[in-house]
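Undergrad: Got a structure for you, questions after.
Bear in mind that the values in this text are calculations on the coordinates, not laboratory data. Because the structure is a prediction, the values reported are computed rather than measured. With ideal geometry, Cβ positions are generated from the backbone for all residues, glycine too; neighbour counts draw on all protein chains shown.
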Amino acid sequence: PEVIYLAGIIDRTPSSIAMRLVNFASVDPFHQNRGIAGLSGGKKQVEPIWKEFIDNKEDLLFESEKILAEKESVSIDKKFAHMLIGIENLVGESKTREVKVRVNQSVFRQIVLANYSSKCAISGIDVPELLVASHIIPWSKNEKERLNPENGICLSSMYDKAFDKGLIGLKLDHSIVISEKLRSNRIKPYYKQFFAPLEKLKIASPQKYLPKPEFLEYHLDVVFMK
């Protein structure tokens, strides 16, 4: 459906969009590592675009969303109005910068939720309003990886907060580890209900982007309360 929709708003055929996506697959390391060659016939056209995007995700993701909004005959501010509440009084560069950050966060959330089938990777909760695209390396700590879906896990609000504060972590095999600070509450009913079942439990596997091992190691070393 997304391919058909995109084809309609940019006046192309769905098959041409699909073919171009497979051209991009030929230069995408994710697909190369899976043994997927893609269609290399258009490599000369897509490789420069891929390299520019992969080294500048923050700017180019926002630019692509602006172009998409224009094709949909709506301003970027109106399309993402639900994400821009509270910045109505900002002007100039300050507003542009904040709009860019929030739009990119929204797109990152869409990607991460889709990667986990819009379900919390721990609890299976599938109510979008209760789900968060949780960063493994915090947003403020690594600008380059902010929008990398390998740096995101779909979690419900409570488990997102626990992960963000280092009360829980993930080992490289994706099993959950609970901090001693949180375990000190093991006799309390809420711990028995919400956290005791997590010990040695593994998170649900995503559809495409696995948590990057280096990011999990960073979280365990820097964020997790040992």
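Undergrad: Which distance in Å, rounded to a whole number, links the C-alpha centroids of the range 102-137 and the range 159-226?
TA: The range 102-137 and the range 159-226 have Cα centres spaced 16 Å from each other.
Undergrad: Right, another one. Can you sort Glu180, Glu217 from fewest to most other Cβ atoms within 10 Å of each residue's own Cβ? Let's see the in-between values first.
TA: Values: Glu180 9, Glu217 15.
Arranged by neighbour count, lowest to highest, Glu180, Glu217 become Glu180, Glu217.
Undergrad: Here's something else I'd like to know. Give the cross-link partners of Lys43 among the lysines, using a straight C-alpha distance below 18 Å as the criterion and excluding same-chain residues fewer than 8 apart.
TA: Counting by Cα, and skipping residues close in sequence, Lys43 has these lysines nearby: Lys51.
Undergrad: Quick check on my link table: of Lys181/Lys202; Lys95/Lys141; Lys44/Lys171; Lys66/Lys141, which ones sit more than 28 Å apart, alpha carbon to alpha carbon?
TA: Numbers: Lys181/Lys202 20 Å; Lys95/Lys141 22 Å; Lys44/Lys171 40 Å; Lys66/Lys141 26 Å.
Over 28 Å Cα-Cα: Lys44/Lys171.
Undergrad: How much mean residue ellipticity at 222 nm does the chain get from its helices, if each DSSP H run of length 4 or more adds -39500 (n - 2.57) and you divide by all residues, to the nearest 500 deg cm²/dmol?
TA: Values: 11 runs with 104 residues, N = 226.
Theoretical 222 nm ellipticity from helices: -13000 deg cm²/dmol.
Undergrad: What angle, in degrees between 0 and 90 and rounded to the nearest 10, separates the Cα long axis of helix 57-71 from the longest principal axis of the Cα atoms of the chain?
TA: That works out to roughly 60 degrees.
Undergrad: Against the longest principal axis of the chain, how steep is helix 92-115, in degrees 0 to 90 to the nearest 10, with axes from Cα atoms?
TA: Roughly 70 degrees, rounded to the nearest 10.
Undergrad: A further question follows. How big is the equivalent ellipsoid of the chain along its three axes, where each semi-axis is √(5λ) from the Cα gyration tensor, reported in whole Å from largest to smallest?
TA: On the way: eigenvalues 239, 102, 53 Å².
Each semi-axis is the square root of five times an eigenvalue, giving 35, 23, 16 Å.
Undergrad: So how do Arg146, Arg183 line up by other beta-carbon neighbours within 10 Å, fewest first?
TA: Values: Arg146 21, Arg183 13.
The fewest-first ordering by Cβ neighbours comes to Arg183, Arg146.
Undergrad: Please order Tyr218, Tyr190, Tyr116 by the number of other Cβ within 10 Å, starting at the fewest. Write out the running numbers ahead of the final one.
TA: Values: Tyr218 19, Tyr190 10, Tyr116 24.
Ascending Cβ contact count within 10 Å gives the list Tyr190, Tyr218, Tyr116.
Undergrad: Hey, another quick one. Would you work out the charge dipole size for the range 57-223 about its Cα centre, treating the Cβ of every Lys and Arg as +1 and the Cβ of every Asp and Glu as -1, and quote it to the nearest 20 debye? Please report the intermediate quantities before stating the final value.
TA: Details: 26 positive and 23 negative charges, 127 e Å.
That gives the range 57-223 a dipole magnitude of about 600 debye.
Undergrad: Also: Excluding same-chain residues fewer than 8 positions from Lys78, which aspartates and glutamates have a Cα within less than 14 Å of its Cα?
TA: Within the straight-line cut-off, Lys78 pairs with Glu65, Glu70, Glu88.
Undergrad: Mind checking which aspartates and glutamates have their Cα closer than 17 Å to the Cα of Lys188? Skip sequence neighbours fewer than 8 apart in that chain.
TA: Glu180, Glu199
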